[in-house]
Amino acid sequence: MSMFVKGRAYEAIPALEGARRRMVVCVGRNGRRIQLAWIGDLTVEDAQMCEAREIVQPKRPDGVYTVSSAAPLDIQTAAPILDLVRRREAV
């Protein structure tokens, strides 16, 4: 039996012939509800230590960003909330 594993990347194959394939990462699960992050871009950066935490500063076409290991996002909590918001907008 093969199951989605949190943190692992997967290929998303489109139903429409000729459409490009995409990459997704399983960021969480709650029973059979799988939370996927769609990867539209990927960068590889060197991490630096700054006051006992890792940071990276990727230079992107739209600017320079700072990403700190001390400020993770709780995707496990955010995904169900986003799902509720989307359902409400559809009404």
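The values are calculated or read from the model by the stated rules, or taken from the named source; none is laboratory data. Treat the numbers as computed from the prediction; the structure is a model and nothing was measured. When we count neighbours, we look across all protein chains shown, and the Cβ atoms used for this are built from the backbone with ideal geometry, even at glycine.
Which of the residues spanning region 20-31 are more than 10 Å from Tyr10 (Cα to Cα) and not in a loop (DSSP other than H, G, I, E, B)? Full working, then the answer.
Filtering region 20-31 down to residues more than 10 Å from Tyr10 (Cα to Cα) leaves 20-21, 27-31.
Listed by number, the residues that qualify are Val27, Gly28, Arg29, Asn30.
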* Structure fact -> Filter region 32-91 for residues that are part of a loop (DSSP other than H, G, I, E, B) and among the basic types (Lys, Arg); the one that is surrounded by the most Cβ atoms within 10 Å (Cβ to Cβ) is Arg53
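For region 1-18, what are the residues that are more than 18 Å from Ala79 (Cα to Cα) and exposed (fewer than 10 other Cβ atoms within 10 Å of the Cβ)?
Here is the first cut: in region 1-18, the residues more than 18 Å from Ala79 (Cα to Cα) are 1-3, 10-18.
Those that are more than 18 Å from Ala79 (Cα to Cα) and exposed (fewer than 10 other Cβ atoms within 10 Å of the Cβ): Met1, Ser2, Met3, Glu11, Ile13, Ala15, Leu16, Glu17, Gly18.
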* Within region 66-88, can one find any residue that is acidic (Asp, Glu) and assigned by TED's automatic domain parsing to the domain that holds Met3? -> no
* Structure fact -> Checked pairs for region 43-64, first closer than 21 Å to Met23 by Cα, second assigned to a strand (DSSP E or B), C-beta under 6 Å and 6 or more apart or across chains, list as Glu45/Val56
